[in-house]
Amino acid sequence: MNNFKFENKTAIRFGKDRLETELHDAVAQFGNNVLLVFGGGSIKKSGLYDRVISILSDMNVVELSDIAPNPKIASVRQGQELVKKYNSDVILAVGGGSVIDAAKVIASSKFYDSDPWDLVSNPEKRQKIEQLPLVDILTLSATGTEMNTGSVISNPDTHQKLGTYGPKTPAVSFLDPQLTYSVSKWQTAAGAIDIFSHLTEQYFDNGANDVTSGIMEGLYRAVIKNAPIALAEPDNYDARATLMWTATMSLNGLTSVGNQNGWTVHPIEHELSAYYDITHGVGLGIMTPRWMKHVLSDDTLPRFAQFGRQVWGITGTDKEVAHRAIQATFDWIKSLEVPTTLPEVAINDDTHFLDMAESAVQVGQLNQDAYVTLQAADVVHLFKEAMTEDDFSK
Ligand code: NZQ
Ligand code: ZN
């Protein structure tokens with residue numbers, strides 16, 4: 001097991017109906033000037049916006065709305081102007097991963113006097129400056145951003161979608177599963193696949209250890225079981241609650257301790273989102289089974305066999321179990337009623353394949369750090385494989 005340091009200071013307030021009694025003080029502990037950040041309107045439709053405004057009625061609340069999925073740097077720039085102009089003490093982010101991710105970089109940008117894109121393209125700069133405290137109300141189970149330091153921000157001008165890390169996780173995260181009842185089937189499925197992918201990125205790791213492997217096998221089983229239930233019954237509290245906590249636990253640092261942490265499918269998917277603005281989890285769902293098939297070898301066979309036995313409950317020889325586990329992964333993704341090929345998300349030709357592949361290798365260090373190293377030609381191959389249906393059983 002590699003050396004590690006583990007610390008996570010986010011206070012989680014999990015469960016039903018805590019906002020009216022706890023949100024005010026959770027925000028007010030940091031001051032009176034609040035920047036309220038939210039997305040394209042789901043919180044107005046659900047009534048959550050009105051609740052929040054009423055709870056914070058005695059505070060100075062300035063609003064930044066319309067944070068888009070795959071949040072754009074333009075929104076962060078707008079937020080930077082507001083936190084400086086109104087001398088914000090605290091940011092309250094209400095929404096999914098995109099809203100919270102943007103809010104985190106805005107939180108840093110108050111202490112930076114140039115273009116905040118610098119803080120995305122050069123996270124080391126961000127580590128050296130302060131970051132405003134962030135309180136969030138999560139409305140979509142997927143990214144784990146509610147308990148980690150990460151943000152992923154897009155720059156459409158340069159076709160870049162990059163991860164950046166600040167010095168702080170959110171100070172307080174409110175996780176009320178009821179707030180996810182209104183999440184669409186598409187986003188529920190995409191969120192579940194994102195959770196599955198976060199586990200996969202950490203499970204298939206050259207430094208994997210028994211402690212984190214066991215935790216992840218449980219988390220895998222939880223998401224596999226509960227995603228179809230939440231799709232069929234959007235207001236099933238236990239299914240929504242399990243997805244929510246699984247999302248948080250899968251990317252709050254707990255499952256990566258002692259690992260090497262060379263991620264592969266995320267850097268590849270981020271290129272698809274950067275060029276085609278597709279839904280993150282859907283892109284992961286398309287690429288993951290192809291990647292699994294590509295990296296299965298005599299060397300990786302034992303890990304795939306463990307994955308098949310512990311996660312999917314498959315029995316047989318290592319080889320049979322490994323192949324059937326990849327097929328089971330594909331079948332589960334398909335059962336969530338999302339696209340499983342690139343043409344189904346309107347990527348119909350290979351125009352950008354090489355550029356995307358080269359960028360993924362460079363940004364994700366895929367030729368050095370990945371579980372199985374990949375060159376640009378391998379990534380192009382994966383994109384090509386994703387153009388058509390495949391058989392993953394052999
Ligand atoms: O904008 P609104 O109107 O709020 O609608 C959103 C959005 O259209 C909607 N939505 C959210 N909560 C809802 C709801 N609709 C109805 N009811 C609700 N309760 O869902 C749509 C998607 O929202 P978004 O925030 O984009 O989804 P998600 O949480 O999946 O976040 C995806 C983003 O997070 C990044 C992704 O790359 C992507 O940009 N990631 C962030 C990570 C991190 N910070 O650690 C790690 C992840 O791997 C990921 O890369
Ligand atoms: Zn993800």
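Between 0 and 90 degrees, the angle of helix 318-335 with respect to the longest Cα principal axis of the chain falls at about 40 degrees. For the chain, the longest principal axis of the alpha carbon atoms and the long axis of helix 237-250 meet at an angle near 80°. Quick one: Cα centre-to-centre distance for segment 346-378 and segment 17-80, in angstrom? Between the Cα centres of segment 346-378 and segment 17-80 lies a distance of 37 Å.
Separation of the alpha carbons by more than 32 angstrom is noted, of Lys16/Lys84; Lys72/Lys319; Lys45/Lys125; Lys125/Lys384; Lys45/Lys161; Lys72/Lys394, for Lys16/Lys84; Lys72/Lys319; Lys45/Lys125; Lys125/Lys384; Lys72/Lys394. Ranked by how many other Cβ atoms sit within 10 Å of their own Cβ, fewest first, the residues Asp66, Asp378 fall in the order Asp66, Asp378. Relative contact order, whole percent, for segment 185-385 stands at 27, derived from Cα pairs under 8 Å and 6 or more residues apart.
On the principal axes of its alpha-carbon atoms, segment 185-385 has extents of 44, 36, 32 Å, going from largest to smallest. Counting only lysines at least 8 places from Lys9 when in the same chain, those with an alpha carbon closer than 16 Å to its own are Lys104, Lys168. Neighbour counting of Cβ atoms within 10 Å sorts the residues Val62, Val345, fewest neighbours leading, into Val62, Val345. For segment 11-180, the percent of C-alpha pairs falling in each 5 Å distance bin, counted from 0 to the bin holding the largest distance, reads 2, 9, 20, 24, 22, 13, 7, 2, 0. Listed by Cβ neighbour count within 10 Å, with the fewest neighbours leading, Thr373, Thr169 appear as Thr373, Thr169. Taking only alpha carbon atoms, the chain gives an Rg to Rh ratio of 0.96, where Rh is the Kirkwood radius. When you restrict to C-alpha pairs under 8 Å that are six or more residues apart and normalise by the size of the chain, the relative contact order lands at 15 percent.
Secondary structure note: in segment 11-180, about 20% of the DSSP beta bridges are antiparallel.
Taking 18 Å as the straight-line reach from the Cα of Lys225, the aspartates and glutamates in range (excluding those fewer than 8 positions away in the same chain) are Asp194, Glu217, Glu233, Asp235, Asp238, Asp331, Glu337. Taking the C-alpha atoms only, the angle from helix 185-203 to the longest principal axis of the chain is near 70 degrees.
Out of every Cα-Cα pair in segment 304-394, what percent are more than 19 Å apart? Of the Cα pairs, 55 percent sit more than 19 Å apart.
Read-outs: derived from the displayed coordinates by stated rules, not from any lab. Predicted model only: the values in this text are computed from it and were never measured. Quick reminder, even Gly has a Cβ in these numbers, built from the backbone with ideal geometry, and neighbours come from all protein chains shown.
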